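*Asks:* Right, I'll just put the structure down here and ask away after.
The values are calculated or read from the model by the stated rules, or taken from the named source; none is laboratory data. As the structure is a prediction and not an experimental result, all values here were calculated from the model. Counting neighbours? That spans all protein chains shown, and the Cβs are built from the backbone with ideal geometry, glycine included.
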Amino acid sequence: MLDTKNPYSVFLGMSFIVVLLLSFYTAYFWVTNTHTISEVKAQREHWKATQPASFSYRIESGCMEVNETIVVVESGKETYYAKNNKPETIGSLFELAERAVLTADTLHIRYDKTHGFPTMIQIDWSRAVYDDECVFEVKDFKTIPR
């Protein structure tokens with residue numbers, strides 16, 4: 001029984017409750033963020049092994065503001081056109097996914113079945129913060145014939 005007149009007893013009781021709540025939060029975090037660094041790295045290796053020499057795609061991103069980047073890769077040389085000064089590329093999406101695996105509260109990633117690049121990344125960096133969600137989508141991926 002908790003002796004509410006003894007400050008040490010109250011402190012220990014409150015500490016127990018805090019530890020219990022943190023353990024539930026941690027368990028919930030691992031359930032909602034099921035992606036792993038090894039999964040992202042494996043998909044990146046798949047992308048490196050299967051990416052064509054020349055291709056194009058478009059990335060639409062929304063993270064407090066909407067951005068669109070058009071990327072054209074010809075014989076390994078990358079050119080991009082972005083509406084603002086923060087262009088996104090498939091490479092930057094892999095880096096973002098690795099960071100999100102470690103720090104985001106909620107993360108959902110879909111990958112291209114043929115080439116392995118992320119086709120969609122949805123991130124909620126913190127459930128406690130309103131309006132910090134981000135979405136990145138790769139669209140119109142096309143191989144450019146030589």
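*Asks:* Only one of (1) under 23 Å from GLN51 (Cα atoms); (2) out of contact with any His (no Cβ under 8 Å at 6 or more places or on another chain) fails for SER126. Which number is that?
*Replies:* Going through the list (1) under 23 Å from GLN51 (Cα atoms); (2) out of contact with any His (no Cβ under 8 Å at 6 or more places or on another chain), SER126 breaks only (1).
*Asks:* Is it true that LYS5 is outside any strand (DSSP E or B), at pLDDT 90 or above, charged (D, E, K, R) and more than 14 Å from the chain's Cα centre (by Cα)? Break it down into steps so the answer makes sense when it comes.
*Replies:* Working: outside any strand (DSSP E or B): yes; at pLDDT 90 or above: no; charged (D, E, K, R): yes; more than 14 Å from the chain's Cα centre (by Cα): yes.
Considered against the rule, which asks whether it is outside any strand (DSSP E or B), at pLDDT 90 or above, charged (D, E, K, R) and more than 14 Å from the chain's Cα centre (by Cα), LYS5 comes out as no.
*Asks:* While we're looking at this one, here's another question. Quick check: anything in region 62-79 at pLDDT 95 or above and not aliphatic (A, V, I, L, M)?
*Replies:* no
*Asks:* Which strands (runs of 3 or more DSSP E) does region 40-138 wholly contain that include 1 or more residues that are of a type in the set (Gly, Ala, Ser) and more than 14 Å from the chain's Cα centre (by Cα)?
*Replies:* Values: elements: 55-62, 66-74, 77-82, 106-111, 118-124.
Correct list: 55-62, 77-82.
*Asks:* Report the residue count in region 77-114 for those that are closer than 21 Å to LYS139 by Cβ, crowded, with 16+ Cβ neighbours inside 10 Å and out of contact with any His (no Cβ under 6 Å at 6 or more places or on another chain).
*Replies:* 13
*Asks:* Search region 34-58 for residues that are among the basic types (Lys, Arg) and pair each with any residue that is part of a helix (DSSP H, G or I) when their beta-carbon atoms are under 8 Å apart and the residues are at least 6 apart or on different chains.
*Replies:* Final answer for the pair search is LYS41/GLU98; ARG44/PHE94.
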